[in-house]
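Novice: Provided herewith is a single structure, encoded as structure tokens, for subsequent inquiry.
The values are calculated or read from the model by the stated rules, or taken from the named source; none is laboratory data. Quick caveat, the model's predicted, so the values are computed rather than measured. So basically every Cβ, Gly included, is an ideal-geometry build from the backbone, and we count neighbours across all protein chains shown.
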Amino acid sequence: MPVQFAPRNFKAGQPCRHIIPDEPGCHALMKEERVYMAYETIIVETRDSVGLIRLNRPQALNALNRAVLEELTDALAAFDADGKVGAVVLTGSEKAFAAGADIKEMQSINFVDAYLQDMFADWQKVDRIRKPIIAAVSGYALGGGCELAMMCDFIIAGSNAKFGQPEITLGVIPGMGGSQRLTRYVGKSKAMDMCLTGRMMDAAEAERCGLVSRVVAPEALLEEALKAAERIASFSRVSVYMAKEAVNRAYETTLDEGLRFERRLFHSLFATEDQKEGMSAFVDKRTPSFKNR
């Protein structure tokens, strides 16, 4: 039975302890001391060994503001620390994954404040989560919403998804990694097109150019993402972490250094119990029982 954070009778940010785990609206994250947290802008729950986070600002098409940043990174950090969770799915509503950063919140900010606060730098906390994060994108993923989806390890899109970096229409440029990650995903020409014209890319084009890993019907999106996350969570946690590290290193180093890094991680896995179990299970024609050791 899925259980959630954000019970309606609690105030945002209020910790509440010793609640029955199956009570609707509540879920325990930590191993020993069960701590619950209510949120205003996201809904958090677990589905077996998968953490699920829904952006929940429907009146603003899930626009990303400071509150979303703080609550999202808090929930992700909690899932990262929870030994029972092996992967995370991040999603929004059917109409919008996230339609961008909250323009009203940014409108009055001046250069000095933006520079001294290093505005948007805290979004890099999403990058630092070690467990795999799957973005399940339906509807609009524009500006900061597109950038947030790209911070995840891969994107599964509904056929109704629309991606874009329309910041140029507001007199600014992407500020949460859009110019950098988008270029790595789709190449310079396509990234220039999107950043300079502000046009939107539909799900089919996004899949063709490598921005998303697969496209499914909108009504099947969450199930598909959860299924992928459950599969990831069933594998050895050690090898999953190392696979993520190895792929990410490909964007940060030379091919020669990347190959050396991959080999060292590969070699190190032969010191784990899970490598012995996985290979023994293959030879014995049985399902492995990984212990994350």
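Novice: Would a scan of the stretch 138-146 turn up a residue that is under 23 Å from residue 79 (Cβ atoms) and in a loop (DSSP other than H, G, I, E, B)?
Specialist: Start the filter on the stretch 138-146 by keeping residues that are under 23 Å from residue 79 (Cβ atoms), which leaves 138, 141, 144-146.
So of that shortlist, the ones also in a loop (DSSP other than H, G, I, E, B) come out as 138.
Scanning the stretch 138-146, I find at least one residue that is under 23 Å from residue 79 (Cβ atoms) and in a loop (DSSP other than H, G, I, E, B), so the answer is yes.
Novice: Just one of 77, 63, 38 is touching a Lys or Arg at 6+ places or on another chain (Cβ under 8 Å), in contact (Cβ under 8 Å) with a residue 40 or more places away in the chain, hydrophobic (A, V, I, L, M, F, W, C) and farther than 19 Å from residue 138 by Cα; which is it? First the steps, then the outcome.
Specialist: On the way: 63 fails: farther than 19 Å from residue 138 by Cα; 38 fails: in contact (Cβ under 8 Å) with a residue 40 or more places away in the chain.
When all the criteria are applied, what remains is 77.
Novice: Taking the options 252, 262, 257, name whichever one is part of a loop (DSSP other than H, G, I, E, B) and either more than 21 Å from residue 152 (Cα to Cα) or outside the structural domain of residue 144 (by TED's automatic domain parsing) (or both). Lay out the reasoning, then the answer.
Specialist: On the way: 262 fails: part of a loop (DSSP other than H, G, I, E, B); 257 fails: part of a loop (DSSP other than H, G, I, E, B).
One residue alone meets the criteria, 252.
Novice: For the stretch 267-293, which residues satisfy the criterion of being closer than 15 Å to residue 242 by Cβ and not in a loop (DSSP other than H, G, I, E, B)? Even if it seems obvious, please write down each step before you answer.
Specialist: Quick first cut of the stretch 267-293, residues closer than 15 Å to residue 242 by Cβ only: 267-275, 278, 290, 292-293.
Result: 267, 268, 269, 270, 271, 273, 274, 275, 278.
Novice: Okay, moving on. State the number of residues belonging to the stretch 83-101 that are surrounded by fewer than 19 Cβ atoms within 10 Å (Cβ to Cβ) and over 22 Å from residue 224 (Cβ atoms). Spell out how you get there, then give the answer.
Specialist: First pass over the stretch 83-101, keeping only residues surrounded by fewer than 19 Cβ atoms within 10 Å (Cβ to Cβ): 83-84, 93-95.
The next check asks that each one be over 22 Å from residue 224 (Cβ atoms); those that pass are 83-84.
Going through the stretch 83-101 one residue at a time, the tally reaches 2.
Novice: Let me ask you something else. In the stretch 100-121, what count of residues is obtained for those that are free of Cβ contacts under 8 Å to residues at least 60 places away in the same chain, within 24 Å of residue 53 (Cβ to Cβ) and assigned to a helix (DSSP H, G or I)?
Specialist: From the stretch 100-121, those free of Cβ contacts under 8 Å to residues at least 60 places away in the same chain are 102, 104-121; that's our starting set.
Filter once more, keeping what is within 24 Å of residue 53 (Cβ to Cβ): 102, 104-106, 119-121.
Now drop any that are not assigned to a helix (DSSP H, G or I), which leaves 104-106, 121.
Residues that pass the stated criteria total 4.
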